[in-house]
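Contents: one structure, followed by commentary.
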Amino acid sequence: MRCYSKSHVPQLLLSLLSLALLWPSASQAFYIPGWSERSYADGESIPLQLNKITSDATELPYSYAELPFICKPKKGRGGRSVGLNLGEVLRGDRIVESDYELSMGKTEECKWFCDVTVGRDEVLEAQRLIRHNYVVEWIVDNLPGATSFKSFDKLRKYYAAGFKLGNFENDQVFIHNHVTLIFRYRRSTKSPGKKLIVGFEVYPKSIDGPAQKCPSSISDTNQSPLEVTLPLTQSEAGAKPEYDPNATMRITYTYSVYWEEDETIDWSNRWDLYFVNQEQSSNIHVLAIINSLVISFLLSGMVGVVLLRTLNRDIQSYNAKTSGEEGKRLKRIPTTPGDDDGGPVDPDDEELLEDTTGWKLVHGDVFRPPAYGGLLAPLVGSGVQLLATMGTLLIFSLIGVLNPSYRGGFVSFGLFLFVFAGVFSGYFSSRVYKAFGGDNWVKNAALTSSLVPGAIFLTIFILNLFVWGQASSSAIPFFTLVALVCMWLLISVPLSLVGAWFGFKQPAYDQPTKTTQIPRQIPQQPWYLKFGPSILLGGVVPFAVIFIELLFVFKSIWQDKSGYYYMYGFLALIIVILLVTIVEITVVVTYFQLCAENYHWWWHSFRVGASSAVYVFAYSIWYYFTKLHIQGFVNSLLFFGYSLLGSAVYGVLGGTVGFLAAYMFVRRIYGAVKAD
């Protein structure tokens, strides 16, 4: 088992309960990432930070500083761990100060860094990581080291965060032991005489050079690359040759530093180069928006023209007849063919007969509390909590507070919002619970604060056990888990109880119709209203709205591993259209269900709103087999585990939107009719 990932124990127990949750460390309290400039004078020392290595072929990042075949940071400035916020810890960041000597404006054509002697185990580990295409992330001035590329039209340059640990060809594996660091800078307008770093490029190379010094020429194309290998030995006759366990090899690490002035890049726009290549996908985003709008408009036309027009006619006709204006016509409606007087049946009588059937017949049962209402109410409360968290995150992302330079900020702020949004979950859950006739608000509040958050935490904890076994940097440290539990039990649960108390003190919703004592018998239901078909049919339209944007979200999460998704404007618009679509499809299905004289709409509306989660999970399965190259049981388990968790959370959110929309719709239509 690989055991080179040390337990990272940041001071989270204190920071999570303070404003340190929002900022990386107390020592940088006046430096806001992405907003505050940091300038350097000529000759001023600039720290280079080592973070982690990631790969699109695996879900297990590792701390670069803990790799067994690199130069270990020495005591002093090098080796000092950098204070991390909660989001950085959860995304697997392990940032350590390195021993690389960088000074503003000082060029180093080549400088020897260190020699490392490795044995068989280290060689095998290096080969495994290089064959899995691991990419190294270094950081200077909060900028990740990047590899520079040209766009398809050769007119624009863009950055891809990180640089490859090595390369391989057939059975040969080569490690990148020399890096050329190119820093782009511009002069500061706020601090005369100082300079701002606006670009950080890394160009790695494999060189089989001499020990403890630089090779004769870095740019020589005839330089032999350094192959990661050892002499082979055969333990037994006929056995497969293996590396000699007593053999070692030397890896010499060197680096070059160059500074280039570039006044074309503003400090505030220095992250744009990381997104130039992604801008080429803007046309696809526009097509996704058009696709979503067309679907939404068609569905809105169905709801507005057909459903509401029909309902309006039904309600006006029904109220007119039940008020007695044409009540005498009821006496002339024949009950059998032999009861008529030989004259034709008045068309108005036929219309009245139709008006006394369908959704109006279940007015005495439509607000009957559902089975397991004590479970539905906590789910709705948690859905409101998720909705409030998502909405606030999108707002802060749109205004630029949660920008890519604030590493881990999206996760940190999201957890912060989710914890404090517990007051909304308790309040709305209590209101719904009271509408169902419940009286034990403490039990409901306890279930609300533990059901969905507890399921999320338990799933993450179980998956984290497998990550611990792989010694990955994404393994959540023990004290971080303790901090998360403290946030849940000491902040979220009390706030949920407070919200539930206020919600239960409010008067119960006044239902527009009275519920009869004897439940009405439900007739045979059409096939499309049964459990399976209604889920499949109800989820396909909302999924059609989001499936194109999901491709970009999945790519950012599972392939890029950068967390630099930035098209929040497109994402916000898609989410708004999605919510409108869920509302409309749930209202339509609820109306059809009531017309079929089925008053069990409470759970059904929640299921229809959540039904697109089934398609989201199926989409993730398709993405796994067609887009990813993940290998190994643990990596696959992490992918499907987190995909299932994300789909379930999305289902709770969508189900809540559907439930609330159906509840308002049902109250509206039954509040408009006159019923005994």
Only listed residue being of a type outside the set (A, V, I, L, M, F, W, C), in contact with a Gly (Cβ under 9 Å, 6 or more places away or on another chain) and either more than 30 Å from residue 360 (Cα to Cα) or assigned to a loop (DSSP other than H, G, I, E, B) (or both), chosen from 646, 655, 651: 651
By residue number, the members of the stretch 494-524 that are of a type in the set (Lys, Arg) and either touching a residue at least 60 places away in the same chain (Cβ under 8 Å) or under 21 Å from residue 673 (Cα atoms) (or both) are 514, 520
Scope the stretch 654-676; condition surrounded by 19 or more Cβ atoms within 10 Å (Cβ to Cβ), more than 15 Å from residue 617 (Cα to Cα) and not β-branched (Val, Ile, Thr); matching residues: 655, 658, 659, 660, 661, 662, 663, 665, 670
Of all residues being surrounded by fewer than 15 Cβ atoms within 10 Å (Cβ to Cβ) and not polar (S, T, N, Q) in the stretch 601-626, which is farthest from the chain's Cα centre (by Cα)? Just the residue, please. 625
Is the stretch 569-591 home to any residue that is touching a His at 6+ places or on another chain (Cβ under 8 Å), modelled with pLDDT of 90 or more and in a helix (DSSP H, G or I)? yes
Do we find that residue 97 is surrounded by fewer than 18 Cβ atoms within 10 Å (Cβ to Cβ) and over 24 Å from residue 557 (Cα atoms) in this structure? no
Tally the residues that are over 15 Å from the mean Cα position of the chain (by Cα) and within 12 Å of residue 87 (Cβ to Cβ), restricting the search to the stretch 387-406. 1
In the stretch 183-205, anything more than 15 Å from residue 104 (Cβ to Cβ) and either modelled with pLDDT of 95 or more or in a strand (DSSP E or B) (or both) is listed as 201, 202, 203, 204, 205
Determine, yes or no, whether residue 468 is farther than 30 Å from residue 639 by Cα and surrounded by fewer than 19 Cβ atoms within 10 Å (Cβ to Cβ). no
When residue 106 is run through (1) surrounded by 16 or more Cβ atoms within 10 Å (Cβ to Cβ); (2) not in a strand (DSSP E or B), the failure sits at (1)
Just one of 252, 264 is of a type outside the set (Lys, Arg), closer than 30 Å to residue 102 by Cα and in contact with a His (Cβ under 9 Å, 6 or more places away or on another chain); which is it? 252
Among the residues listed as 630, 621, 669, the single one being among the β-branched types (Val, Ile, Thr), modelled with pLDDT of 95 or more and farther than 21 Å from residue 451 by Cβ: 621
Which number in (1) assigned to a strand (DSSP E or B); (2) of a type outside the set (A, V, I, L, M); (3) within 28 Å of residue 144 (Cβ to Cβ) marks the one condition that residue 250 misses? (3)
Take the residues of the stretch 81-122 that are within 36 Å of the chain's Cα centre (by Cα) and of a type in the set (A, V, I, L, M, F, W, C): which is farthest from residue 244 (Cα to Cα)? 86
Scan the stretch 74-83 residue by residue and report those that are crowded, with 19+ Cβ neighbours inside 10 Å and either in contact with a Lys or Arg (Cβ under 8 Å, 6 or more places away or on another chain) or at pLDDT below 70 (or both). 78
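Residue by residue, here is whether (1) crowded, with 22+ Cβ neighbours inside 10 Å; (2) closer than 20 Å to residue 657 by Cα; (3) among the β-branched types (Val, Ile, Thr); (4) modelled with pLDDT under 95 holds:
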site	(1), (2), (3), (4)
388	no, yes, no, no
400	no, no, no, yes
403	no, no, no, yes
410	no, no, no, yes
421	yes, yes, no, no
425	yes, yes, no, no
428	yes, yes, no, no
448	yes, yes, yes, no
459	no, no, yes, no
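The values are calculated or read from the model by the stated rules, or taken from the named source; none is laboratory data. Only a predicted model underlies this, so the values are computations on that prediction, with no experimental measurement involved. Every residue, glycine as well, gets a Cβ built from its backbone with ideal geometry; the counts of neighbours run over all protein chains shown.
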